[in-house]
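The values are calculated or read from the model by the stated rules, or taken from the named source; none is laboratory data. No experiment lies behind these values; they were computed from the predicted model shown. Virtual Cβ from ideal backbone geometry, glycine too; neighbours counted across all protein chains shown.
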Amino acid sequence: MNEATRQNALSRAAADLFPGYFALVMATGIISIACFMLGMTTISHVLLVINVVAYIVLCLLLLLRLLFFFARVKADIQDHVKGPGFFTVVAGTCVLGSALLIVLDRYRPATVLWFAGVGLWIVIMYTFFTAVTVHENKPSIEAGLNGGWLLAVVATQSISVLGTLLVNRLADYREPILFFTLCMFLLGCMLYLLLITLIFYRFTFVNVTLVALTPPYWINMGAVAITTLAGARLIIAAPEWSLLNELVPFLKGFTLFFWAAATWWIPLLLALGFWRHVYKRFPLKYDPQYWGMVFPLGMYTVCTFQLSNAINFPRLLVIPRYFIYMALAGWLAVSLGLVTTLIRGLTVGAALRGRPSHE
């Protein structure tokens, strides 16, 4: 591949970058954490290396897109369907930071990623919600709303989780950080309750077609699972601050409420997936949106593990010990789809370049 061809391929990849592609980093990072917690250290380290590489590549492509294809970025973030995908940049950044801290005990890069995540959250949160609020000719709920909107919750709670993990390393700022992460947790709860009401209404009272029932609906469960994780981390950190300690009964009840909701979603989402792909035989092929399905599987594993520690109920540990294999199977399946797609794209590109110019 010559230099010009390589630049063209890179330019196309940046121009066409799916806004929610950082869900790959979210999924890989949280499964790395889950494997580490369950004693699968080798798999955990391999996944973390893959995740760092994926994050760097995606950041490069996003930067190129911002510099050379800003009009596309602007159009995407104003779009009711594509816009929520940008929240994966925030969540991916914070989940990677959490993985570096938990798996490798690298608190300095984790701290940098946390501050970057906070900055990105401010920009994306207020840009997106301002854009869709003032947008003219808004779509109907049927056309404009899906589970991807709950990525706003995931991004918010990912900041709470990483901040709470970092608090012992930033002891001089313990109380302000815990206050901030508590507020982010509560804000994430508010966003979830608002958005899931609309999404559940769409599920039950508006026609849901095969095409519309996309993988991001798994974020219905993923958003409430990461909310459970954020609550569990606050409960564990409560002895560090008197105010937080006073809120422990409230936090335990609220966190268990969200875990129960996450658990409720799983059979329903599996049934809908069976209906879509087995009963209705909708084609199953690689789509970057499937990373938004893998992430909730890993997050449910981690949140259940942490919840069992937070409320001192070890019987819950039986769930993550088996659920991790479902998460790993999902990650392997989607990864295989990604690799196959990349190889096919390179093969087709090479074939087209090999054609005589007169064809």
Restricting region 39-88 to residues that are of a type in the set (Val, Ile, Thr) and over 25 Å from Leu101 (Cα atoms), the one surrounded by the most Cβ atoms within 10 Å (Cβ to Cβ) turns out to be Ile77
Screening Leu268, Leu210, Leu243, Leu284 for residues that are over 19 Å from Ile33 (Cβ atoms) and touching a His at 6+ places or on another chain (Cβ under 8 Å) leaves only Leu284
Thr181 meets each of (1) at pLDDT 95 or above; (2) farther than 17 Å from Phe115 by Cβ with one exception, condition (2)
The one condition Thr93 fails out of (1) within 24 Å of Ile226 (Cβ to Cβ); (2) surrounded by fewer than 17 Cβ atoms within 10 Å (Cβ to Cβ); (3) of a type in the set (S, T, N, Q) is (2)
When Asn245 is run through (1) within 22 Å of Val153 (Cα to Cα); (2) touching a Pro at 6+ places or on another chain (Cβ under 8 Å); (3) polar (S, T, N, Q), the failure sits at (1)
Subset of region 15-72, residues over 20 Å from the mean Cα position of the chain (by Cα), in contact (Cβ under 8 Å) with a residue 40 or more places away in the chain and not in a helix (DSSP H, G or I), comes to Leu38, Met40, Phe69
If we keep only residues of region 244-284 that are over 28 Å from Leu210 (Cα atoms) and of a type in the set (A, V, I, L, M), then the residue surrounded by the most Cβ atoms within 10 Å (Cβ to Cβ) is Leu251
(Q) Tell me whether region 181-201 contains one or more residues that are in a helix (DSSP H, G or I) and touching an Asp or Glu at 6+ places or on another chain (Cβ under 8 Å). (A) no
So, first residue within 21 Å of Gly330 (Cβ to Cβ) in region 252-281, second residue at pLDDT below 90 and exposed (fewer than 14 other Cβ atoms within 10 Å of the Cβ), Cβ within less than 6 Å, six or more apart or across chains; the pairs are Arg276/Leu210; His277/Leu284; Lys280/Leu210
query = Within the bounds of region 136-144, is there any residue that is in contact with a Leu (Cβ under 7 Å, 6 or more places away or on another chain) and surrounded by 20 or more Cβ atoms within 10 Å (Cβ to Cβ)?
reply = no
